[in-house]
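Worksheet: the structure to be examined is printed underneath.
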Number of protein chains: 4
Amino acid sequence: MNQSVAFLGLGAMGAPMAGNLLEAGFELQVWNRTASRCAPLVAQGARAFDQIAQTIGQTDCVVSMLADDRATAEVMLAPNGVIAQAQPRTLVIDCSTNSPSMAREVAAAARARNIFYLDAPVSGSIGQARARELVFMVGGESDHVQAAEPLFRAMGRLTRHMGPSGAGATIKLINNMLSGTMNAALAEACAVALAAGLDPQAAIDVLGEGAAASRLTRTKLPKMFAGEFEPQFQLRLMDKDLQYFLTLAQQLDQPVALASLVRSQMQAACLAGLGGRDVSAVFAHIRPGVYR
Amino acid sequence: MNQSVAFLGLGAMGAPMAGNLLEAGFELQVWNRTASRCAPLVAQGARAFDQIAQTIGQTDCVVSMLADDRATAEVMLAPNGVIAQAQPRTLVIDCSTNSPSMAREVAAAARARNIFYLDAPVSGSIGQARARELVFMVGGESDHVQAAEPLFRAMGRLTRHMGPSGAGATIKLINNMLSGTMNAALAEACAVALAAGLDPQAAIDVLGEGAAASRLTRTKLPKMFAGEFEPQFQLRLMDKDLQYFLTLAQQLDQPVALASLVRSQMQAACLAGLGGRDVSAVFAHIRPGVYR
Amino acid sequence: MNQSVAFLGLGAMGAPMAGNLLEAGFELQVWNRTASRCAPLVAQGARAFDQIAQTIGQTDCVVSMLADDRATAEVMLAPNGVIAQAQPRTLVIDCSTNSPSMAREVAAAARARNIFYLDAPVSGSIGQARARELVFMVGGESDHVQAAEPLFRAMGRLTRHMGPSGAGATIKLINNMLSGTMNAALAEACAVALAAGLDPQAAIDVLGEGAAASRLTRTKLPKMFAGEFEPQFQLRLMDKDLQYFLTLAQQLDQPVALASLVRSQMQAACLAGLGGRDVSAVFAHIRPGVYR
Amino acid sequence: MNQSVAFLGLGAMGAPMAGNLLEAGFELQVWNRTASRCAPLVAQGARAFDQIAQTIGQTDCVVSMLADDRATAEVMLAPNGVIAQAQPRTLVIDCSTNSPSMAREVAAAARARNIFYLDAPVSGSIGQARARELVFMVGGESDHVQAAEPLFRAMGRLTRHMGPSGAGATIKLINNMLSGTMNAALAEACAVALAAGLDPQAAIDVLGEGAAASRLTRTKLPKMFAGEFEPQFQLRLMDKDLQYFLTLAQQLDQPVALASLVRSQMQAACLAGLGGRDVSAVFAHIRPGVYR
C-alpha cells in the first residue's frame, strides 16, 4: 500500500491527519500556504512543494483540510488550483468544513473535468485526529466513497455516506450547530452554578450523568469553571460554522431561532476579542465581569 | 433490612421507584392523591393509606415524588402534611423536581421540628427508574445523606451530595435546562436535515457520534424524524422546570438568554396544545406545518 | 385650592412633580429617604419631615414616587409606613413603577383600613415631569380617580383610568417593555448604520419619518451615534421594569420571547457596569468594542 | 411639465404612485407582469405595453416598484430588461425594497452603459402612497438625485439622499427592521394586555402616548386586539425585508440578535400559513390559540 497522496492544508487538524496517512504507508506530498508548517512531516518522510500543481503531480488522490469557503475556493477553483490542475479521475477528498453550496459548486466544477470530488468533513477535534478516531460524513457518489475507504480508515474510525454532493457538508453544519448551542447552554449552566455557589467538580460530575451529557460536558464545563480558555476549537471557527448553518437554514426556509441567538453571541464574543480563544470562552460574554 | 418506608406520589417515576424499594426488602406504605394508582404496589405487598398522616405512621423514612412546588407545598407543609405529622428525627427524602426556594422553605420548616429533610431530585427517566439507574442529586446535611444511602442504593446507581438544602434542586434545574435546550436544538437540527433531504437514519447515526451526542440524541431525534410524540417526558413538565430555572437565574441576577428563548418555545407549544405530548413535540412548533 | 398634600420620594421624577404641585397652590409636606433632597422644595415653600408619619400628618392626600417594589413595600407597608399611619379616607396616589402584584397587595392593605389607594404610574421622563406633560395610567376605584383629578392635572396632561387596582401598573410595564424593546432595536439599527458607513444625521432624520418612529427615535438614536450615554433614564431602571414585565407575563402564562431577550441584554449590560448609564448604553453591549 | 415616464410594476404601492405621476402631468407608459393591472391607469390616460423595451421606448425616465431582488434582477438585468434596453443617460429610479448588494449590482451594470441609476425605496404604506406622503431614501449620485426631484415630489413629501448606490436600500432595511421588531413587540404587548384583562381601547390610547408610540401603535395594535388581519403590509414582505436585513448585518459582521429572533417568528408565521395576512398577524403565532 504505497499509493501516493497529496495533502493540502496542514493546520491543527490537517497536520495529524496527514501524519496518520504517512504512518499508514501512503507516499505523502504536502502543501501548506505557510510553507514552514510542512517541516515536521518532511522530517517523517513527506515531500513538500510550493505550488498546488506540483504537489498534486501524478497522485491519484488529493486530501484537503482548509479553513473555510474562501480558502477552499482558492485552492480548488483557482486556475492553478486542484480542479484545473488535477488529472481526470483523480479522487479529491475535501475534509474542510464548508457550506453545502460551496461543496456543490466544487463538485460541479470537478464533474466537468471528470474529477471525483467528495465533501468529507469530520466530527472530532485535535485529539480524535491524532488518535485516528475521526468520523467522516461524506457527500458524493458511492463509488468514490468506496474508493476513498482506505484513506478514511487511515485517518478515522467511521465513515458515513450521507448522500449526494453537499450532504456531508450539510450534516457537518448541523452537527456543529448542536455543539455550538450546547456550548452556549453550558455557559449559562456554569454561570448559574457559580452564582448559586455550587461546588464546580460536583456540578461537572452530576451534569456528566444527565440526559444531555456529552463530550462537551466533559471538555467545556471544566474550562468554563476554571476560566481557562486555551483554544482546542477556536471560537471564531464556531462562529463561521454557525454562519454557514444559518445561511443553509435560510436557503431551506427553515426558521432557527435558537441557532440564530447562539450565533449572535459568538459574533459578539468575537467582536469583544475572544475569537482566538476556545469556543468555551463565550462564557465570558454570557457572564460579563467574571473573567478578563 | 426490613425497615419501613412511606412513599408519597406514585406517578410515572414514583411507581417504579417505590417498586424497587419493595423489591429491596423495605416494608412499604404508600399514598397517592389518586388512590387507584396504589393497587399494583399493594398487589406486590405494600400497604396503602388514604391520609398522609396514616401513611407516615411510625415509619422513620419518607420518600416523596411529587409533581411540582404546589404539590410539594400541599404534601409537606399543610397542617395534615408530612412536616406537621412526622415524628422528630424522621428522614424525609424529597425526590420531586422543585425550585430551590421551595426546597429551602420545606427544609426550614423541617428543621424547626427536628425532622431531617433532603432535596434529592433525580437524573433519569422512566427507564432508569425501573432499572435502578437513577442519579440522585442531594441537598441537605451530610449525616442525613449518609443515613439515606440504603434507600438511594435501592433506587439508583449514584448519589451525589451537592451541598446544603436547595443544592440538589439547583443542579437538577441546571441539568434540565441543558436537556431542554438540547431538545430544542435537536428540533432545529431535525427540521434542517429534513428540509435538506438527508436520510433520517444516517443523520441520527452521525449526530450520535458528534461532540454534543447524548442520550437525548438517541431518544429524541428518532421521535422528531418520525413525528411520533408518545410522552416519555411530558413537554409541560419541561416547561415547568424551565420556568423554575428562569426564576432561579433571576434570583441570582444571571442573564440566561438561551434558556429564556427555549422556555418561550415550550410555553408556546403548551398553548398550542402540545403540553401532554413528549418534550420532543416542540419540533411541531419549530417546524410548523409538518405534523398535526 | 390650598389643600394639603404629602409627597414621598423626591428623585429625578418626584422632585419636579412635587414642585408642580407646589406651584399649583397645594400646601406641600415632603419626605425623602435622603433628606438633603428636600432643600430645594423647602426653599420654594414646602415643609420637610424626617418621618413618614409626620409628613402625612393630617393631610388627606399622599403622592409617592419611589424606586421599586422594595421601596414601596417599606414606605407603604411598614408599621410606621403610609397604610398603617394614614387616617381612614386618605387618598394615596402611588406613581412608582411597581409590579401589579405589589400594587394589589398595597391596595388590599389600604382597603382593610378604608384608605383609598391608586396605582398611578406615569408615562414620560424628566422633561415631561417638569413640563406637566406626564400621562397617568391609573388602577383603582373610579371615585378615587375622580377625587385625584386635581392632583393629576397639576402634574400631567392626561389621566386614564385603566381598571381595578394593578391595572395602572400593568399597562405601565407593557409600555416600558415596548420602550425597552425599541431601544434595543435602535441599538441594532445604529450599529448596522455605522458599519454600513451611513451619515448619522441622515439616518436619524429618515428613521424619524418611518412607521416605527417615536420619541425614542429622536432621543436615543443621537445618543447611540454619539456614544454619549449621560442618563436620562437609567439602564438599571429599564432592567428592573423588564424584570417586572417578565414576572407578569409568567403569571399570565404568556410567552414573551422578545422581551426576554431584551431583558437578557439589559441584565448583561448591567453586569458589564452600564447600569448607571442611560438605557441607550445597551448599544455598547450590542456593538462591543466601539465605545469604552 | 409633460415629460414622459415609464413605470414598471403596478402592485399595491406602484399603482397609486404611477397614478400620482399621471396626475402631476407626466406622460405615463406602464408595464406590469400581470398586464390586467394596467387597465385603471390606461383609463386615466396612461399607455400600456407588453414588453419592457417598448415601455421604456424613448422615455428619459424609468420608475420601478418591484417585489424583491429576484424581480428586480429580471426586470433590470435580463437581456431584454431595463439596463440593456434603455438609452444612455436614462434616469432609472428603483423604488423597490431590495438588498443593498442588488442595488449596487444594478448600479454597476447601469454605470457601464452610462445609465443613471438610483436606489430609492420608500417609507410609507398604501395610504401614504395615495396621499403623496411617501419618504424617499435615495442612494446614488447627487446630480441624479437632483434630476429626479420632480418625480419624487409628484409621489412623496420628502426625499433624502443617503449616500452612494446601496445607501437608500440600506437605510430602508434598517427602517423596516425597526418596524418589524416593533410589530412583534406590540404582539407581545397585546397578548399580555388581553391576558391581564385590560380594556383594549384604553390600552391602545395609553400606549399611543408612550415614548415608543408610533404610527404602528395606532395601526397595528387595533388589528391585533380585534384579530382582524386584513393585509395592509403583507407578513411575507416583512419576512423578506428582515431576511435582507440579516444578510446585510451578516456582511457587515454585526450581530443582530433581536432582528434574528423577530425574523424567526415571521418565518414561522409564514410556514403556519400567515404570509398573506397583515404583518400584525404574527400575533397569532405569539399567542397561539386565540385566533384561527
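Report whether or not C:PRO288 is of a type outside the set (A, V, I, L, M, F, W, C), without any contact (Cβ under 8 Å) to a residue 60 or more places away in the chain, under 24 Å from B:ASP239 (Cβ atoms) and not in a helix (DSSP H, G or I).
no
Residue check, C:LEU248 against (1) more than 11 Å from chain B (Cβ to nearest Cβ); (2) in contact with a Lys or Arg (Cβ under 8 Å, 6 or more places away or on another chain); (3) over 21 Å from A:GLN267 (Cβ atoms); (4) of a type outside the set (Val, Ile, Thr), all met but one. Which one?
The number of the failed condition is (2).
Within 18 Å of D:ALA167 (Cβ to Cβ) and small (Gly, Ala, Ser): which single residue out of D:GLY124, D:GLY140, D:GLY57 fits that description?
Just a single option satisfies the conditions, and that option is D:GLY140.
Yes or no, residue by residue, for (1) outside any helix (DSSP H, G or I); (2) within 9 Å of chain D (Cβ to nearest Cβ):
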residue	(1), (2)
C:ASP143	no, no
C:ALA147	no, no
C:HIS161	yes, yes
C:SER165	yes, no
C:THR170	no, yes
C:ILE174	no, yes
C:SER179	no, yes
C:LEU186	no, yes
C:ALA193	no, yes
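Can you tell me which residues in the stretch C:261-286 are surrounded by fewer than 22 Cβ atoms within 10 Å (Cβ to Cβ) and either at the interface with another protein chain (Cβ under 8 Å from one of its Cβ atoms) or aromatic (Phe, Trp, Tyr) (or both)?
C:LEU271, C:ALA272, C:GLY273
Go through the residues of the stretch C:151-163 one by one and say whether even a single one is surrounded by 24 or more Cβ atoms within 10 Å (Cβ to Cβ), out of contact with any Cys (no Cβ under 7 Å at 6 or more places or on another chain) and over 25 Å from C:SER101 (Cβ atoms).
For the stretch C:151-163, residues surrounded by 24 or more Cβ atoms within 10 Å (Cβ to Cβ), out of contact with any Cys (no Cβ under 7 Å at 6 or more places or on another chain) and over 25 Å from C:SER101 (Cβ atoms): present.
Only one of D:PRO231, D:PRO200 is surrounded by fewer than 19 Cβ atoms within 10 Å (Cβ to Cβ), more than 7 Å from every other protein chain (Cβ to nearest Cβ), farther than 27 Å from C:VAL290 by Cα and under 17 Å from the mean Cα position of the chain (by Cα); which?
Exactly one residue qualifies, and that residue is D:PRO231.
Show me the helices (runs of 4 or more DSSP H) found entirely inside the stretch D:38-81 where at least 3 residues are within 17 Å of the chain's Cα centre (by Cα) and within 18 Å of D:ALA120 (Cβ to Cβ).
Helices (runs of 4 or more DSSP H) meeting the threshold: D:69-72.
Is the stretch B:57-67 home to any residue that is out of contact with any strand residue (DSSP E or B) (no Cβ under 6 Å at 6 or more places or on another chain), at pLDDT 95 or above and closer than 23 Å to B:GLN243 by Cβ?
Yes: the stretch B:57-67 contains one or more residues that are out of contact with any strand residue (DSSP E or B) (no Cβ under 6 Å at 6 or more places or on another chain), at pLDDT 95 or above and closer than 23 Å to B:GLN243 by Cβ.
Among the residues of the stretch A:77-102, write down those that are surrounded by 24 or more Cβ atoms within 10 Å (Cβ to Cβ), within 18 Å of A:ALA147 (Cβ to Cβ) and not charged (D, E, K, R).
Listed by number, the residues that qualify are A:VAL82, A:ALA86, A:VAL92, A:ILE93, A:CYS95.
Return a yes/no flag: does the stretch D:260-268 have any residue that is β-branched (Val, Ile, Thr) and in contact with a strand residue (DSSP E or B) (Cβ under 7 Å, 6 or more places away or on another chain).
No, there is no match, as no residue in the stretch D:260-268 is β-branched (Val, Ile, Thr) and in contact with a strand residue (DSSP E or B) (Cβ under 7 Å, 6 or more places away or on another chain).
Please go through (1) in contact (Cβ under 8 Å) with a residue 12 or more places away in the chain; (2) touching a strand residue (DSSP E or B) at 6+ places or on another chain (Cβ under 9 Å) for D:MET177 and return the number of the only condition it doesn't satisfy.
(2)
For the stretch D:210-228, state whether one or more residues are over 18 Å from D:PRO100 (Cα atoms), more than 8 Å from chain C (Cβ to nearest Cβ), part of a helix (DSSP H, G or I) and touching a strand residue (DSSP E or B) at 6+ places or on another chain (Cβ under 9 Å).
Within the stretch D:210-228, one or more residues are over 18 Å from D:PRO100 (Cα atoms), more than 8 Å from chain C (Cβ to nearest Cβ), part of a helix (DSSP H, G or I) and touching a strand residue (DSSP E or B) at 6+ places or on another chain (Cβ under 9 Å).
Taking the condition among the hydrophobic types (A, V, I, L, M, F, W, C), crowded, with 22+ Cβ neighbours inside 10 Å and either within 14 Å of chain C (Cβ to nearest Cβ) or farther than 18 Å from A:ALA259 by Cβ (or both), does B:LEU258 pass?
yes
Identify the single condition in (1) more than 7 Å from every other protein chain (Cβ to nearest Cβ); (2) hydrophobic (A, V, I, L, M, F, W, C); (3) buried (at least 22 other Cβ atoms within 10 Å of the Cβ) that B:LEU237 does not satisfy, given that it satisfies every other one.
(3)
Restrict the check to the stretch B:124-131 and report whether at least one residue is in contact with a helix residue (DSSP H, G or I) (Cβ under 7 Å, 6 or more places away or on another chain) and part of a loop (DSSP other than H, G, I, E, B).
No, every residue in the stretch B:124-131 fails to be in contact with a helix residue (DSSP H, G or I) (Cβ under 7 Å, 6 or more places away or on another chain) and part of a loop (DSSP other than H, G, I, E, B).
Can you name every residue in the stretch C:1-29 that is assigned to a strand (DSSP E or B) and either of a type in the set (Lys, Arg) or touching a residue at least 60 places away in the same chain (Cβ under 8 Å) (or both)?
The answer is C:VAL5, C:LEU8.
Return the residue satisfying two criteria in turn: it lies in the stretch A:230-239 and is assigned to a loop (DSSP other than H, G, I, E, B) and free of Cβ contacts under 8 Å to residues at least 60 places away in the same chain, and of such residues it is nearest to A:SER264 (Cα to Cα).
The selected residue is A:PRO231.
So for the stretch B:179-194 (the condition being over 21 Å from D:ALA268 (Cα atoms), surrounded by fewer than 19 Cβ atoms within 10 Å (Cβ to Cβ) and at pLDDT 95 or above), does at least one residue qualify?
No, the stretch B:179-194 contains no residue that is over 21 Å from D:ALA268 (Cα atoms), surrounded by fewer than 19 Cβ atoms within 10 Å (Cβ to Cβ) and at pLDDT 95 or above.
Can you pull out every residue in the stretch A:82-98 that is touching a residue at least 40 places away in the same chain (Cβ under 8 Å) and over 16 Å from the mean Cα position of the chain (by Cα)?
Hits for the stretch A:82-98 are A:VAL82, A:LEU91.
So which residues in the stretch C:240-284 are of a type outside the set (A, V, I, L, M, F, W, C), free of Cβ contacts under 8 Å to residues at least 40 places away in the same chain and in a helix (DSSP H, G or I)?
C:GLN243, C:GLN250, C:SER260, C:SER264, C:GLN267, C:GLY273
The values are calculated or read from the model by the stated rules, or taken from the named source; none is laboratory data. Given the structure is predicted, the values throughout are model-derived calculations rather than measurements. So basically every Cβ, Gly included, is an ideal-geometry build from the backbone, and we count neighbours across all protein chains shown.
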